[in-house]
Amino acid sequence: NVQDIYPLAPLQEGILFHHLMEQEGDPYLLPSLYAFPDRASVLRFAETLQQVILRHDILRTSLAWQGLAQPVQIVHRHAGLPLEWVELDASLGDPGEQLQDRFNPRHYRIGLDSAPLLRCHAVEDRSSGRCLLHLNAHHLTVDHTALGLLVEEAALIEQGRAAELPPAIPFRNFVAQARLGSQPEEQEAFFRKMLADIDAPTAPFDLLNVQGDGSDIREHTQALPQALAQQIRQLARSHGVSAASLLHLAWALVLARATGRSDIVFGTVLLGRLQGGEQAGRVMGMFINTLPLRLDVDSKPVTHSLKDAHTRLAQLLQHEHAPLALAQRCSGVQAPAPLFTSLLNYRHSAPAAHAVDATPADDDIQVLAAHERTNYPLTLAIDDLGEGFQLTAQVAQPIDPQRICQFMQAAVEQLVAALQQQPNQPLAQLD
C-alpha cells in the first residue's frame, strides 16, 4: 500500500517536534463543526471527502520517525477516512458543545502513523432532528489555504462537477523544491546578519512558554474601522509598499511597548506558495512556514521605517522555505530560550478572482465552528478581506485578547496619522 516516501518540509519538521513534546493534546489540530439535515447527508459528505483524499497524495500521508536518521512521510495508495458515530448524554447539554469538548485538541490527539490525518466524529441530535459532524484535520497535511480547497473540492464533487477540478499536483514537488532549491549557506548568512546581535527573547508581557497545549488561550475578533482600512491601503499605495508591510510595522510598535525593547523580533507566517509557480495556489498540502522578522522601533522617521519593513519582508520571502531552527541558531539567544514568543499571521482571505463557486447546491451543510491554534502564547491573525481587515488575537491568560486587538488598532491609527501628518517623526515616539 506504499506509493511513495520522502522527507518532511521545513515547517512539518517543527510541527512534528511540538507533537512529540506534548504528552496530551496537539495544538496543531484544526477542528471544525458542521451541521447536516440528516444522517444520509453526513454519509454523502464523508464519501465526497474520501474522493478528495483519493485525489491528493498529501491526504493519504502518514509519518514515520522512530529508528530513522530523519523523519519521512509515507504516501499510501489507499487511505480510508474514519467516520465514527458517537453517543452523547442529552442531559449534559448541547451536543455540539459536547462534541467539541470530547475531541478538543487540548487533550485529543491523532496518531501520525496512520493515514489520513483526518478524523470525523458524528452524532444524531435528536432534539433538533439534525446531525452534527466534528472534523479534526492535522496541520501536518493541510494549512489554511488547503483546508479551504478540501471543502471546495468536496462541494464540487457533491454537485456532480468533479470534471471541473484541475489535475492534482503531488505535494512531493513542493518538498523537492523546498529542500533541493534551498541554499543553507545563503540562508545562514541572511539570518546571521539579521539576528546575530539579538541576545534575549522578544517576549511581550513576559510570555515565554512556546510549548503550551493551548488550554489557557483566549480569543477575540474585531474588524478595523472601514475608514482606517481605506487609509491603510491609500498610504501603502502612495509609499510603494504593501498593506502587509504597514501592518507588520504596527505590530512591531505593539511589541515594543509590551516588551520595553527597540529591537523587535516576532514570527511571521509565510504562505510558502509564492515561488511555486502558477498552480501553487491550488496544490493541496501544508505550505506555510514561520520565520523570524526583525524590525527596529528606533529614531528613524516613520517613512524610512515603513520602507525598511517592506524591504525586510521582501528579503525574508526569498528564504521562505528555510527551517525555523536554522534561523534561531543564527541569533545570539541561547537555547532553550525562544527567540520570539509572538506570531503575526497576515492572510489574504478575500475570495480569489479565479475561484469557482463551490457552495453546496442545496445548502445542506452549515459550518458551526472552526478553530486554529499555534504553540505560541500570543498570536495575531490579520485577515485581509479585500477591502477591510479583521483582527483575531489569541493570547494566554491572564492577558485579555480584546486589549491586544485594541493595542493593534491604536498602533495602526498612530502610524497612519504620522505617515499622513508628520512623516519625519521618529518611529519610537509613536505611542
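Here segment 189-212 and segment 380-407 have alpha carbon centers that stand 21 Å from each other.
Per-residue Cβ neighbour counts within 10 Å put 233, 77 in the sequence 77, 233, beginning with the fewest.
As a rough guide to protection, the peptides 384-396, 249-261 ranked by mean Cβ packing within 10 Å, highest first, stand as 249-261, 384-396.
Between residue 233 and residue 431, 0.36 nm times their residue separation minus their Cα-Cα distance comes to what? Value of the extension gain: 69.1 nm. Which is farthest toward the positive dipole end of the chain among 163, 136, 110, measuring Cα position about the Cα centre, with Cβ charges +1 (Lys, Arg) and -1 (Asp, Glu)? Highest projection toward the positive end goes to 163. Net charge dipole, segment 2-173: roughly 400 debye, given to the nearest 20, about the Cα centre with Cβ charges of +1 for Lys and Arg and -1 for Asp and Glu.
In sequence order, segment 287-297 has phi-based couplings of 9, 4, 9, 10, 9, x, 10, 9, 10, 9, 9 Hz under the Karplus curve 6.51 cos²θ - 1.76 cosθ + 1.60, θ = phi - 60°, and Gly or Pro positions carry x. In a simple Cβ point-charge model (Lys, Arg +1; Asp, Glu -1; nothing else charged), the chain has a dipole of about 980 debye relative to its Cα centre. Using C-alpha pairs under 8 Å with a sequence gap of at least 6, the mean separation divided by the residue count of the chain gives a relative contact order of 23 percent.
Taking 30 Å as R0, compute the FRET efficiency from the Cβ-Cβ separation of residue 39 and residue 78 and round it to 0.05. With a Förster radius of 30 Å, E is 0.75.
In this calculation the C-beta distance from residue 173 to residue 21 is compared with R0 = 35 Å, giving a FRET efficiency of 0.70.
Averaging Cα coordinates gives a centre for segment 7-52 and one for segment 102-143; these two points are 6 Å apart. In this calculation the C-beta distance from residue 189 to residue 127 is compared with R0 = 45 Å, giving a FRET efficiency of 0.10.
Is any residue of segment 114-134 close enough, with backbone N under 19 Å, to a label point placed 7 angstrom from the Cα of residue 101 along the Cα-Cβ axis, and if so, which? Counting only backbone N, you get 121-128, 132-134. The ellipsoid that matches the Cα gyration tensor of segment 2-173 has semi-axes, each √(5λ) in whole angstrom, of 28, 22, 12, with the longest given first.
Packing-based ranking of 95-103, 302-310 yields 302-310, 95-103, ordered from highest to lowest mean Cβ neighbour count within 10 Å.
Close amide H pairs (under 5 Å, H built 1.01 Å from N) link residue 341 with 202, residues at least 5 positions away or on another chain.
Taken together, the values in this text are just the output of simple stated rules run on the coordinates, not laboratory data. Since this is a predicted model, take the numbers as computed values, not measurements. Virtual Cβ from ideal backbone geometry, glycine too; neighbours counted across all protein chains shown.
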